[in-house]
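Step one of this worksheet: look at the structure below.
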Amino acid sequence: MTHGNDTDTTITSDLETSRRFAKPHERRDFLGLAAIWSAATAVLWGLLGALRLPWPWALPESSPRVKLGPVADFANITREPFPEQRLWIFRDAAGLFAMSAVCTHLGCIVSAEDGGYFCPCHGSRFNAQGEPLSGPAPRPLKYLQLSVSPDGQLVVNQDQETEADVRLEA
Amino acid sequence: MSTENQPATPAEESPGESPSSEPTPAPETDRSPGAWGQFVGNLRNSPRLFRDSVIRHGRPTSDRAASQAVFGNFFLHILPTRIHFRSLKFRTTLGLGVITLVLFFLLTATGIALMVYYKPTTDQAYDSMKDIQYLVPTGRYMRNIHRWSAHGMVACVLLHMARAFYVGAYKPPRELNWVIGMLLFVLTLALSFTGYLLPWDQLAFWAVTIGSEIAQSPRELTDVLGITSWFDPGGAIKHLLLGSNHVGQEALSRFYLLHVMVLPLIMTVLLAVHFWRIRKDGGLAASSRESQVSRESSVQSPESGLPQASLDSSKTYGLMAVVRGRTPAVDRVMADTVPTYPHALFPIAALSMVTLAVVLLLGHHYDAPLTEMANPAVPENPAKAPWYFLGLQELVSYSALMGGVVIPTIVVIGLMFVPYLDREREDVGVWFGNRQGRRVCVATAIFATWCVIALLAFTINVGWLRDWYPRIPQIVITFVNPGTVLLAVFVAWSLGTLKRTNSTRMGALATFTCFLVAFVILTYFATVHRGPNWQFYWSQADWPVH
């Protein structure tokens, strides 16, 4: 960290006291600061607006409501898989209900094994009701809303969660 | 320290150097045939004239000419004209930075080649990969080279980081370059991850599905707090990455854009700053101890051909009056340096060729995998990330939020800030600093190995909270899981080391060693011992047959 000889220091201090680094005149300083801050605000505001770009108003997806077939077809099932919609339709004494096959941990598809459900990705295990038994899944498998369309089809809304005890009487 | 300026060789115009190539000028009076004659002469000589304008020097025959060759060349002028002899020793750098850069160039070149045929749409991507594999001459080779270079680059960046850390190269004045290096590390991983989706095969689809769900995992916390409906950072990040709720066309477009344009551009700029800072910070971190040795030995060896150094010189090189701050001392620097040409350039060229040869051989013998086309209905089992993310995947299998977001963030930011917390200046440029440093590293390595293995064995044999208390709230598991326990133990150990040794450098060494050991063991463990359903198997031979 040696700083050379005396000449160095002299010239440097000359520079520091030169006009470029002169003490700012206060009124001019106000105008300067005003210019800088209004420019900065404009840029920042524009940037914030532009940053909104990657989030479109509507996501490019098909409707979450899907027809699964005539309700009558579900009269005698106990568990019917729908791989494309990633869910199962169940029937118990009270009626029909749908459970999602998407693992609540990281979105893999669980498979039914040994009276429960397993996720192949990180080993979450769920019981027959979809409640987590072990592994990293933070919450139970989702139950999805079912309804009947005017033309008598069973409709599942993949974006609408329901309580585990809701049944569609059909 | 190395020469930052070019004291011995100011780049003045020396007319004697440039070849005088005017062909017999015609007399001034005889104008039109003279110009004609000149034109014909120039035309005849143009190949030679062109060559001379490109290659301005012959092979340098003196130190001065060698310095000028480096200084006057656009592609070489990022190097100093003279370089500290210690920077050239293999054990100083292990050549890792150069190898990484060569791999980056290879990735750029093969990446451009692959872009000729690759089509980033969900219905064409996989087919264009098959075209590249089976129809395009050299296509498969290009893809293999790209793949191996990418793996190699991640590995070399990691090793390069470890090297820089263990020789203390992050210390002042090199703090900023360490931070830039960490950013480059993160960028390298981001480039690998975005490239992973492009083949649109099963492996790609499910790795990126998992990755984007990890980005969404702050919901693990916001769901518990019940605020997801109006404050959802996890969902916002996922939508930013995927442009959708699922991995589809939008995600492929975005990953492609990031992979071929945004991230490489940022990386190129940061690389340039990274190299610039090496020069501005006085070259590679060098030990003052070794400098002393060299000063003594340089008295005996006339190799450098420079006047003997006087040790107590106060003369320094500096840009007079314009720049203040660190300036190399005249005599010490000159005595410890050798001309960059050929002493640095030839090893760099040799290392580049070896790297190239290794990658070409690997690419020739081992094909990059391509699994079946992406199928959103059926996940791979096991769905494993590339090897450098497998350590994280093991942590993620305890808690998505902690293992995938919080712990990596803490580790990266923590390592980034080490140079601001440890500012001891002793033993820079020496592996592990000193004897105490070596002891701390060995002790930490043993301790960390024991910790990681014990925790893994415990988790596999005994289980974790939910196996004992099935009704336990998720938030408890989020905060108390093997990953967070490991992090807490390592933080405690590092702070304990700092206190016990009364040295921030020792604390830093302990921290980094913990990180490295955990990374290596978790990566190994998840690669070898995790099978279908992410269950433990001693080897792949024990996997159940599906």
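One line per residue, one yes/no per condition, for (1) among the aromatic types (Phe, Trp, Tyr); (2) over 26 Å from the mean Cα position of the chain (by Cα):
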residue: A:Arg91; (1), (2): no, yes
residue: A:Gly95; (1), (2): no, yes
residue: A:His105; (1), (2): no, no
residue: A:Phe118; (1), (2): yes, no
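Just for the range B:215-239: of the residues that are among the small types (Gly, Ala, Ser) and within 11 Å of chain A (Cβ to nearest Cβ), which one is nearest to A:His105 (Cα to Cα)? So that I can check it myself, show each step before the final result.
Taking the range B:215-239 and keeping what is among the small types (Gly, Ala, Ser), we get B:215, B:217, B:226, B:229, B:234-236.
Narrowing further to those that are within 11 Å of chain A (Cβ to nearest Cβ): B:215, B:217, B:235-236.
Numbers: B:Ala215: 12, B:Ser217: 8, B:Gly235: 14, B:Ala236: 18 Å.
Only one residue tops the list, namely B:Ser217.
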Check your understanding: Considering the range B:222-263 alone, what residues qualify as being among the aliphatic types (A, V, I, L, M) and under 19 Å from B:Leu198 (Cβ atoms)?
Key -> B:Leu240, B:Leu241, B:Leu242, B:Val247, B:Ala251, B:Leu252, B:Leu257, B:Leu258, B:Val260, B:Met261, B:Val262, B:Leu263
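Using the structure shown, decide if B:Val116 is at pLDDT 90 or above and over 22 Å from the mean Cα position of the chain (by Cα). Talk me through it step by step, then tell me what you get.
Values: at pLDDT 90 or above: yes; over 22 Å from the mean Cα position of the chain (by Cα): yes.
Judged against the criteria, B:Val116 is a match.
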Practice item. Look at the range A:66-112 and say how many of its residues are of a type outside the set (Asp, Glu) and within 12 Å of chain B (Cβ to nearest Cβ). Key: 17
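Is at least one residue of the range B:293-316 in a strand (DSSP E or B) and modelled with pLDDT under 85? It would help to see each step written out before you state the result.
Going residue by residue through the range B:293-316, those that are in a strand (DSSP E or B) are B:316.
Those still in the list that are modelled with pLDDT under 85 too: B:316.
Checking the range B:293-316: at least one residue is in a strand (DSSP E or B) and modelled with pLDDT under 85.
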Point to revise | Residues being more than 14 Å from B:Glu250 (Cβ to Cβ) and either touching a residue at least 12 places away in the same chain (Cβ under 8 Å) or among the acidic types (Asp, Glu) (or both) - total across the range A:52-74 | key: 11
Exercise for review: Sort through B:Leu263, B:Leu271, B:Leu257, B:Leu241 and tell me the only one that's in a helix (DSSP H, G or I), over 25 Å from B:Val102 (Cβ atoms), at pLDDT 95 or above and out of contact with any strand residue (DSSP E or B) (no Cβ under 8 Å at 6 or more places or on another chain).
Suggested key: B:Leu257
Review point. Considering only residues of the range B:372-388 that are within 29 Å of B:Leu486 (Cα to Cα) and more than 8 Å from chain A (Cβ to nearest Cβ), which is surrounded by the fewest Cβ atoms within 10 Å (Cβ to Cβ)?
Key: B:Trp387
Exercise for review: From (1) in contact (Cβ under 8 Å) with a residue 12 or more places away in the chain; (2) surrounded by fewer than 16 Cβ atoms within 10 Å (Cβ to Cβ); (3) part of a helix (DSSP H, G or I), pick out the condition that doesn't hold for B:Pro369.
Suggested key: (3)
Exercise for review: Inspect all residues belonging to the range B:106-119 and state whether any of them is under 19 Å from B:Val273 (Cα atoms), in the same structural domain as B:Ala251 (by TED's automatic domain parsing) and surrounded by 19 or more Cβ atoms within 10 Å (Cβ to Cβ).
Suggested key: no
Practice item. Take the range B:380-413 and flag every residue that is under 22 Å from B:Ala457 (Cα atoms), assigned to a loop (DSSP other than H, G, I, E, B) and not small (Gly, Ala, Ser). Key: B:Pro382, B:Lys384, B:Tyr398
**Study point:** Options B:Gly391, B:Gly404: the member that is away from chain A (no Cβ under 13 Å), more than 25 Å from B:Thr122 (Cα to Cα), surrounded by 22 or more Cβ atoms within 10 Å (Cβ to Cβ) and modelled with pLDDT of 85 or more
**Key:** B:Gly391
Point to revise | helices (runs of 4 or more DSSP H) within the range B:425-509 that include 2 or more residues surrounded by fewer than 14 Cβ atoms within 10 Å (Cβ to Cβ) and of a type in the set (Val, Ile, Thr) | key: B:435-461
**Study point:** Residue tally, condition farther than 22 Å from B:Thr121 by Cα and out of contact with any Pro (no Cβ under 8 Å at 6 or more places or on another chain), over the range B:370-388
**Key:** 5
Check your understanding: Are there any pairs with C-beta distances below 6 angstrom linking a residue in the range B:240-260 that is facing another protein chain (nearest Cβ under 10 Å) and more than 13 Å from A:Ser62 (Cα to Cα) to a residue that is crowded, with 18+ Cβ neighbours inside 10 Å and among the charged types (D, E, K, R), with the two at least 6 apart or on different chains, and if so which?
Key -> B:Gly243/B:Glu250; B:Gly243/B:Arg254
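Take B:Lys130 and decide whether it is surrounded by fewer than 18 Cβ atoms within 10 Å (Cβ to Cβ) and basic (Lys, Arg). Give the derivation first.
On the way: surrounded by fewer than 18 Cβ atoms within 10 Å (Cβ to Cβ): yes; basic (Lys, Arg): yes.
Judged against the criteria, B:Lys130 is a match.
Can you pull out every residue in the range B:166-222 that is hydroxyl-bearing (Ser, Thr, Tyr) and either assigned to a helix (DSSP H, G or I) or without any contact (Cβ under 8 Å) to a residue 60 or more places away in the chain (or both)?
We begin by selecting, within the range B:166-222, every residue hydroxyl-bearing (Ser, Thr, Tyr); these are B:166, B:170, B:188, B:192, B:194, B:196, B:209, B:212, B:217, B:222.
Across the range B:166-222, the qualifying residues are B:Tyr166, B:Thr188, B:Ser192, B:Thr194, B:Tyr196, B:Thr209, B:Ser212, B:Thr222.
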Check your understanding: Can you tell me which residues in the range B:63-94 are touching a Pro at 6+ places or on another chain (Cβ under 9 Å) and of a type in the set (Ser, Thr, Tyr)?
Key -> B:Ser67, B:Thr81
Exercise for review: Output the qualifying pairs, or none if there are none: Cβ atoms under 6 angstrom, residues six or more apart or on different chains, first residue in the range B:342-361 and in contact (Cβ under 8 Å) with a residue 12 or more places away in the chain and under 23 Å from B:Tyr141 (Cα atoms), second residue surrounded by 15 or more Cβ atoms within 10 Å (Cβ to Cβ) and among the hydroxyl-bearing types (Ser, Thr, Tyr).
Suggested key: B:Val359/B:Ser149
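Return the residues of the range A:113-142 that are within 13 Å of chain B (Cβ to nearest Cβ) and touching a residue at least 24 places away in the same chain (Cβ under 8 Å); say none if nothing qualifies.
Start the filter on the range A:113-142 by keeping residues that are within 13 Å of chain B (Cβ to nearest Cβ), which leaves A:113-114, A:116-127, A:129, A:131-140, A:142.
Selection gives A:Tyr117, A:Gln129, A:Pro132, A:Gly135, A:Pro136, A:Ala137, A:Pro138, A:Arg139, A:Pro140, A:Lys142.
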**Study point:** Search result, residues across the range B:64-102 that are out of contact with any Phe, Trp or Tyr (no Cβ under 8 Å at 6 or more places or on another chain), crowded, with 22+ Cβ neighbours inside 10 Å and of a type in the set (A, V, I, L, M)
**Key:** B:Ile83, B:Ile99, B:Val102
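The values are calculated or read from the model by the stated rules, or taken from the named source; none is laboratory data. Keep in mind the model is a prediction, meaning the values are calculated, not measured. Ideal geometry is used to build each Cβ from the backbone, glycine not excepted, and the neighbour counts take in all protein chains shown.
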